[in-house]
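K.L.:
Quick one: the structure is below, and I'll ask about it shortly.
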Amino acid sequence: EEILPPEALFPVVVILSIMSTLLLSVAALGAMFKHAILFIKISLFVSIGIFTLMTFVYLLTFPPAAIITCLCMTLLACYTMRVWNRIPYAASNLRSAITAIQANMGIALVAFSTIPVHSVWLALWFFAFVGTTQTDLFQAQEQHSVDGSEDTISPIGYMIVLLFLLSYYWTAQVIMNTTLTTISGVVGTWWFNPLEASSFCSRAIRDSFVRSTTYSFGSICFGSLIVAILQVIENVLRNARNNRRGGILTCIAHCLLFYIERLVEYFNKWAFVYVGLYGYSYMDAGKKVMSLFKDRGWSAIIADNLVNRLLGIASLAVGLAMLPITAFVSFIMGASSFYIHAAMLIGFVIGVMLCSIMMGVLSSSVDAIIVCYAEAPEEFERNHPILHDEMKSAWMEAWPTVDLEPMVATPLMGGVASSGGGRGQHAPLPTAEYV
């Protein structure tokens with residue numbers, strides 16, 4: 001007999017999981033700030049250890065798969081040795097990003113607000129889609145046999161499905177990229193004018209959010225549409241592959257499109273950083289991304305990869321930490337074994353999801369830091385000298401023969417140039433000048 005019914009148990013578990021996850025996420029930020037280099041190294045070793053464990057498991061269960069995991073383990077070990085001296089630079093970017101976020105913790109509220117926004121949109125989308133499928137326009141007038149199966153959806157119905165998929169993916173991308181652009185704007189203000197970005201709900205957060213949802217919203221929607229179209233095409237190809245239509249060509253096309261989509265998403269991430277920092281149009285931001293990779297080479301990608309690996313493991317660690325917490329509380333409340341396991345699953349999902357959002361804020365901040373340091377290191381030295389000295393020292397350790405100079409940039413619409421020694425350095429556009 002249950003001491004406490006499930007309907008009383010689960011609300012307690014949910015509330016406890018949310019509060020514990022937030023506390024653990026904040027604690028993780030503090031720990032990563034103090035021991036950034038150590039945690040990045042640990043994340044690399046953990047990744048190698050995971051592939052090593054998978055290799056042993058597959059050797060006992062499915063030997064052919066062990067070859068692939070062993071190859072991944074070897075490549076990751078070589079990658080670790082290759083980037084070992086770059087870790088301090090990635091750690092300095094991480095520490096700077098954490099400092100910016102801790103000075104403007106209200107930006108986390110913007111990120112967490114995407115959960116109810118996306119939930120409401122999903123509900124509206126679902127009811128609209130279900131209602132549309134019940135109309136005569138969606139249903140085929142006759143059932144046609146194709147490859148032994150019956151097709152009950154009209155050609156117009158298929159087009160409606162594609163448009164609904166496009167609307168879902170597009171809106172999801174817009175919500176995510178609006179948050180990314182807002183975070184970039186806040187970090188840019190902290191970089192160039194820290195007095196306006198030094199409180200929980202600072203002016204920088206409000207102004208950046210307003211710019212992202214007004215002045216830069218067209219650029220966000222355009223860039224998001226590109227990814228959404230690729231996602232729809234990938235979905236169609238995946239369904240065709242699962243239904244064994246198209247043969248090997250469909251599989252090849254799906255594989256190629258998958259990687260193209262990931263490449264475009266990665267490119268978009270950097271483009272939206274420029275949109276948030278300077279108010280560029282999407283096309284102009286894309287040109288700046290190409291200049292960034294051309295002038296900085298692989299330094300930005302390596303730092304981004306090392307930090308994101310750590311943040312992903314941190315999210316998983318917080319989720320795992322919720323397992324004993326929810327299990328203990330459920331046991332104290334007298335729940336049965338079934339409900340204890342259910343509570344542990346809920347705690348794990350909430351922990352990973354909420355911590356991933358918080359780590360996503362930090363990841364976007366790191367990207368903005370990388371761009372700002374490439375564009376305007378002098379402003380960093382003037383406004384944050386201690387962090388600048390640490391980052392400069394790490395840069396010289398990683399690339400001793402590369403002289404770090406501000407990237408030359410041409411003022412574009414939405415950005416304001418601050419002339420310094422003839423170099424066209426950018427500063428984020430003040431709110432008063434956004435009209």
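The values are calculated or read from the model by the stated rules, or taken from the named source; none is laboratory data. If you're wondering where the values come from, they're calculated on a predicted model, not measured in any experiment. Note: ideal-geometry Cβ built from the backbone for every residue, glycine included; neighbour counts use all protein chains shown. Side chains are part of the model used for accessible areas, which takes the heavy atoms of the whole protein and leaves out ligands, DNA and RNA. Shrake-Rupley method; radii C 1.70, N 1.55, O 1.52, S 1.80 Å.
K.L.:
Among the residues of segment 290-302 satisfying the criterion of being open to solvent by less than 60 Å² (accessible area, probe 1.4 Å) and not in a loop (DSSP other than H, G, I, E, B), which is modelled with the lowest pLDDT?
P.N.:
Top of the filtered list is Ser299.
K.L.:
Within segment 80-111, count every residue that is touching a residue at least 60 places away in the same chain (Cβ under 8 Å), in a helix (DSSP H, G or I) and buried (at least 16 other Cβ atoms within 10 Å of the Cβ).
P.N.:
The number of residues fulfilling the criteria is 22.
K.L.:
Right, another one. Is there a residue in segment 180-189 that is under 22 Å from Lys287 (Cα atoms), part of a helix (DSSP H, G or I) and open to solvent by 40 Å² or more (accessible area, probe 1.4 Å)?
P.N.:
No; the residues of segment 180-189 include none that is under 22 Å from Lys287 (Cα atoms), part of a helix (DSSP H, G or I) and open to solvent by 40 Å² or more (accessible area, probe 1.4 Å).
K.L.:
If you don't mind, another one. Is it the case that segment 66-75 has a residue that's under 30 Å from Ala374 (Cβ atoms), modelled with pLDDT of 90 or more, surrounded by 15 or more Cβ atoms within 10 Å (Cβ to Cβ) and in contact with a helix residue (DSSP H, G or I) (Cβ under 7 Å, 6 or more places away or on another chain)?
P.N.:
no
K.L.:
Examine segment 47-55 for a residue that is touching a Phe, Trp or Tyr at 6+ places or on another chain (Cβ under 9 Å) and either more than 22 Å from Met359 (Cβ to Cβ) or open to solvent by less than 70 Å² (accessible area, probe 1.4 Å) (or both), and state whether such a residue exists.
P.N.:
no
K.L.:
Restricting to segment 5-15, what's the tally of residues that are at pLDDT below 80 and open to solvent by 50 Å² or more (accessible area, probe 1.4 Å)?
P.N.:
The total comes to 2.
K.L.:
Turning to a different aspect of this structure: Within segment 149-164, is there a residue that is closer than 26 Å to Val371 by Cβ and open to solvent by 50 Å² or more (accessible area, probe 1.4 Å)?
P.N.:
Within segment 149-164, none of the residues are closer than 26 Å to Val371 by Cβ and open to solvent by 50 Å² or more (accessible area, probe 1.4 Å).
K.L.:
So, one more: Determine the pairs where a residue that is part of a helix (DSSP H, G or I), located within segment 42-62, has a partner that is at pLDDT 90 or above and β-branched (Val, Ile, Thr) with Cβ atoms under 7 Å apart, the partner being 6 or more residues away or on another chain.
P.N.:
Ser43/Ile313; Leu44/Thr80; Val46/Ile313; Ile48/Thr80; Phe51/Thr69; Met54/Thr69; Thr55/Thr69; Tyr58/Thr69
K.L.:
Do we find that Glu375 is out of contact with any helix residue (DSSP H, G or I) (no Cβ under 7 Å at 6 or more places or on another chain) and closer than 30 Å to Ser291 by Cα in this structure?
P.N.:
yes
K.L.:
Just for segment 325-345: of the residues that are open to solvent by 50 Å² or more (accessible area, probe 1.4 Å) and either within 16 Å of the chain's Cα centre (by Cα) or touching a residue at least 24 places away in the same chain (Cβ under 8 Å) (or both), which one is farthest from Val186 (Cα to Cα)?
P.N.:
Step by step, filter segment 325-345, then rank; the result is Tyr339.
K.L.:
Here is a further query. Residue under question is Tyr215, and the condition is that it be open to solvent by 50 Å² or more (accessible area, probe 1.4 Å) and of a type outside the set (A, V, I, L, M, F, W, C); does it hold?
P.N.:
It is true that Tyr215 is open to solvent by 50 Å² or more (accessible area, probe 1.4 Å) and of a type outside the set (A, V, I, L, M, F, W, C).
K.L.:
Go through segment 190-202 and give me each residue that's touching a residue at least 12 places away in the same chain (Cβ under 8 Å) and not in a loop (DSSP other than H, G, I, E, B).
P.N.:
Trp190, Trp191, Phe192, Pro194
K.L.:
Quick one: which of Ser315, Ser291 is of a type in the set (S, T, N, Q), out of contact with any Leu (no Cβ under 7 Å at 6 or more places or on another chain) and within 18 Å of Cys372 (Cα to Cα)?
P.N.:
After ruling out the rest, the residue left standing is Ser291.
K.L.:
Is it true that some residue in segment 228-249 is polar (S, T, N, Q), part of a helix (DSSP H, G or I) and in contact (Cβ under 8 Å) with a residue 12 or more places away in the chain?
P.N.:
Scanning segment 228-249 turns up at least one residue that is polar (S, T, N, Q), part of a helix (DSSP H, G or I) and in contact (Cβ under 8 Å) with a residue 12 or more places away in the chain.
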